[in-house]
Every structure is written in structure tokens, then in C-alpha cells.
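Trainee: The following block contains the structure, expressed as C-alpha cells.
The values are calculated or read from the model by the stated rules, or taken from the named source; none is laboratory data. The model shown is predicted, which means the values in this text are computed figures rather than measured ones. So basically every Cβ, Gly included, is an ideal-geometry build from the backbone, and we count neighbours across all protein chains shown. These accessible areas exclude ligands, DNA and RNA; they are computed on the full protein's heavy atoms, side chains included. Shrake-Rupley method; radii C 1.70, N 1.55, O 1.52, S 1.80 Å.
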Amino acid sequence: MNDFLSDLEFLSSEPLLKTIFKSKMFNINRITLETGLEIEPHPEPYAVFFLVLEGSGIFTSEAGEVNLKKNGYLFIKADEIRGIKCLENLVFLAVQDSN
């Protein structure tokens, strides 16, 4: 057992992904984004559940944009676009379907 938030790092140039758990069924990653960083909307072949642990950001999906803060969550289906713009140093979990 570990503390998800004990070793946080933020890079000014790119998101930082740390794999927490990997299995045949799903992967859990912790991602940090520094304020102002953006992951441009793009499709991915897997479904994903995002859960914000700290900070805030605008999450984009085919349904539109939503501003998520601590404890906010969003599910995006496989092959659907997703993007994130960080408004305040953002820490979130991404639980990915391992298709």
C-alpha cells in the first residue's frame, strides 16, 4: 500500500504518467499536468475512467467539455476523443480498459 500523492512531480513540458497497477483487464495510471499544459483531443482505442485527485482541468469528450475538480470523474468509451487542459496543477487517475 502506498500514498498516491506522496511522490508528485510536475513537468513544465509534458504530462507525467506513473503506472500504479497493470493487469490483463485494466491499467491504473496516475497522471500529473502542470498548470497550462494541454493534451489535445484525440481518439484512443481503449475506454477510460478519469478521477481527479487534486487541481482542476477541462476534460474534452465527444459529449463536449466539462470542468472537473477534486473528486470529479468522467468515463469515455473506446475510440472516443479525449483531451485535457490543465487549469490548476492537476493530479488524476486514469483507469484504462486493456482491450
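Trainee: Whether any residue in segment 82-91 is open to solvent by less than 20 Å² (accessible area, probe 1.4 Å), modelled with pLDDT of 95 or more, of a type in the set (A, V, I, L, M, F, W, C) and in contact with an Asp or Glu (Cβ under 6 Å, 6 or more places away or on another chain) is what I want to check.
Mentor: yes
Trainee: May I pose another question? Look at I20 and say whether it is touching a residue at least 40 places away in the same chain (Cβ under 8 Å) and open to solvent by less than 30 Å² (accessible area, probe 1.4 Å).
Mentor: Details: touching a residue at least 40 places away in the same chain (Cβ under 8 Å): yes; open to solvent by less than 30 Å² (accessible area, probe 1.4 Å): no.
Against the criterion (touching a residue at least 40 places away in the same chain (Cβ under 8 Å) and open to solvent by less than 30 Å² (accessible area, probe 1.4 Å)), I20 does not qualify.
Trainee: Let me ask you something else. Pairs, please: C-beta under 6 Å, at least 6 apart or cross-chain, first residue over 16 Å from K70 (Cα atoms) and in segment 81-99, second outside any strand (DSSP E or B) and open to solvent by less than 30 Å² (accessible area, probe 1.4 Å)?
Mentor: Close Cβ pairs (under 6 Å, with a partner that is outside any strand (DSSP E or B) and open to solvent by less than 30 Å² (accessible area, probe 1.4 Å)) amount to D97/A47.
Trainee: Here's a follow-up. Counting only residues that are modelled with pLDDT of 80 or more, open to solvent by 80 Å² or more (accessible area, probe 1.4 Å) and of a type outside the set (S, T, Y), which one in segment 2-17 is farthest from G36 (Cα to Cα)?
Mentor: L17
Trainee: Within segment 42-79, how many residues turn out to be loosely packed, with under 12 Cβ neighbours inside 10 Å, closer than 22 Å to E9 by Cα and either aliphatic (A, V, I, L, M) or free of Cβ contacts under 8 Å to residues at least 12 places away in the same chain (or both)?
Mentor: 0
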